[in-house]
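Note sheet for the following structure.
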Amino acid sequence: MIGCENRAAVGRNPISGRDTKVTSIKLILRASAACAALAMCQPVAAEVPGYQAKVEAKLREVKAEVAKGPFKPDWDSLRTQYRTPDWFRDAKFGIFIHWGVYSVPAFANEWYSRNMYVPGNPAYEHHVKTYGPQSKFGYKDFIPQFRAEKFDAARWVDLFADAGAKYVIPVAEHCDGFAMYASDFTEWDASDMGPKRDTTGELAKASRAAGLHFGLSSHRAEHWWWYHKGRSFPSDVSDPKYAGLYGPAAPTGLPADDPDLWPDGGQLQQWMPPSKAFLDDWMARTAELVDKYQPELIYFDWWTSAPLFEPLMRDTAAYYYNRSAERNYQGIIAYKGSQFAEGSALFDMERGKTDALKLTPWQSDTSVSVHSWGYAQNDEYRTPQSLVADLIDIVSKNGNLLLNVGPRADGTIPDEIATVLRGMGGWLKVNGEAIYGTRPFHYFGEGPTKSGQVRVGGQVEESARKGFVPADIRFTTKGDTVYALGLAWPQDGEVLVKTLYKGTPYLDAPIKSIELLGAGAIDWEQTPTGLRVKLPANAAAKDYPYTLKIRVR
């Protein structure tokens, strides 16, 4: 059974500012009070041969590596030594992949595995109507249907490269507990069940063969509570035979459906804290991913912001950074929320952007599909034009775009997604020099559009997205060139770049020439009110953003 012991950290959390001694005492009291509720929970993992010995061996390995340095498991050491590598700053554009057992039902979104056990949820109603009661047909029963019979990693990577992406990040394990890689700690993985292939390993090999950088994402932390609603009525979640898939299924400890606490609402200390056994399992699996696949980037989902994960996140960062340094590369950890101290890793904004230029590199992740990260029938899709505009906006503010795709269960990528990716790739073939390898200008741009409402910390919520207008212009630089990228084509072809007015302090030397990428030299005039440019009437792709290449000196 799950242990109820938990770690206590003493001091003040440099991320949240909370007194960690007080917080930890509260968490331990909450955990102790919850032990009775957890008594019926499943073991952390299936009884794979030698499971506990394997976990303990991996944890000893982690401890030894962390002790060696140079990265130490404290925020000062991590902040002082971490640097985002140049390859990432040059790449600008990557592909995220949500693919797993949830691609079989393909209903609503990738949270189907959880929502099918939530009475009253549309996924619950759909499941009972389509497959029968969860006691007879549970999430586990989709696994044999997840065959990936048409999966071809090289073909996927060819499409990603054609789109102009420079790195690939598959989800190695989603919250559902089914690992999409060959794990030594569970039999509930794609290597032993379903496809019976190490799909993550195949993607790593194909990506590197094509010259793309490879990373991965772990959403394992949420597995602690993911299936807990399945214990509220007769379902296979409570069957010990399936403990390795459904896991602890621990109660969240939250008031039911409280919108201020779901999914986090800044109140993660109110969640049921994970047990030491679960945290040890999480650490061992994370180290396994680092060592088996040597990812250049690891992205952790939001629930690792829970307070008792903090010491693990420091250990994880030190282990991963030290391991990658031994292998002659600088690893990147992408995080959101309050998982890491600022400057110790790469900040990520899920379906969001910043409204200003950030001095340190960052990343925005969003999806080609509107409603789901995984494949879902009848989803809607973004246009390549809108995604190119978002890419430009993000890059001008010192960020990268990680764009998600959701393949079908058979391993094919929907035509709608492929069309969007190829559209972006076509634009980048002409305009890529204004994106790849660039750095921010003195100011990110001009124009009225912020794309939505600004949340705490200057993050713009994607759900409140507004379309860009011709006055919205963004800047990037490379060497002696400034790129002015118009996010919408003006109907009259007249462009006024106000920032680059005659005598502007933002240019180190006079303008030498200006060309429209894909069309050649164009007429221009620098006036006291701005740089005036006339775009050619016969230019192609007027429904996409355009790029002015401005040479100085």
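The values are calculated or read from the model by the stated rules, or taken from the named source; none is laboratory data. Everything numeric here is computed off the predicted structure, so don't read it as measured data. Because the Cβ atoms are built from the backbone with ideal geometry, glycine has one as well, and the counts that use them run over all protein chains shown.
A quick yes/no check of all residues on (1) free of Cβ contacts under 8 Å to residues at least 60 places away in the same chain; (2) more than 15 Å from ALA484 (Cα to Cα); (3) under 39 Å from the mean Cα position of the chain (by Cα):
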residue	(1), (2), (3)
PRO510	yes, yes, no
ILE522	yes, no, no
THR527	yes, yes, no
ALA539	yes, yes, yes
Residues satisfying the stated conditions in the stretch 396-419, i.e. assigned to a helix (DSSP H, G or I) and in contact with a strand residue (DSSP E or B) (Cβ under 6 Å, 6 or more places away or on another chain): SER396, GLU416, ILE417
ASP90 at pLDDT 95 or above, surrounded by fewer than 14 Cβ atoms within 10 Å (Cβ to Cβ) and part of a helix (DSSP H, G or I): no
Selection from the stretch 196-216 of residues that are in contact (Cβ under 8 Å) with a residue 60 or more places away in the chain and closer than 18 Å to PHE151 by Cβ: THR199, THR200, GLY201, LEU203, ALA204, PHE214, LEU216
Residues being outside any loop (DSSP other than H, G, I, E, B) and either in contact with a His (Cβ under 6 Å, 6 or more places away or on another chain) or aromatic (Phe, Trp, Tyr) (or both) - total across the stretch 314-340: 4
Flag for ALA165 being part of a strand (DSSP E or B) and either closer than 18 Å to SER217 by Cα or basic (Lys, Arg) (or both): no
Evaluation of ALA106 against (1) without any contact (Cβ under 8 Å) to a residue 60 or more places away in the chain; (2) in a loop (DSSP other than H, G, I, E, B) (one fails), failing number: (1)
Index of the failed condition, GLY120 passing every other in (1) touching a residue at least 24 places away in the same chain (Cβ under 8 Å); (2) among the small types (Gly, Ala, Ser); (3) in a loop (DSSP other than H, G, I, E, B): (1)
Of the criteria (1) among the basic types (Lys, Arg); (2) touching a strand residue (DSSP E or B) at 6+ places or on another chain (Cβ under 6 Å); (3) modelled with pLDDT of 95 or more, which one LYS292 fails: (2)
Residue count for the stretch 295-310, restricted to those that are over 19 Å from the mean Cα position of the chain (by Cα) and modelled with pLDDT of 95 or more: 0
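So that you can scan it fast, the table gives a plain yes or no per residue for (1) outside the structural domain of LEU428 (by TED's automatic domain parsing); (2) among the aromatic types (Phe, Trp, Tyr); (3) modelled with pLDDT under 95:
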site: ALA345; (1), (2), (3): no, no, no
site: GLY352; (1), (2), (3): no, no, yes
site: SER367; (1), (2), (3): no, no, no
site: TRP373; (1), (2), (3): no, yes, no
site: LEU391; (1), (2), (3): no, no, no
Residue that is modelled with the highest pLDDT [pool: residues in the stretch 242-270 that are in a helix (DSSP H, G or I) and among the aliphatic types (A, V, I, L, M)]: LEU245
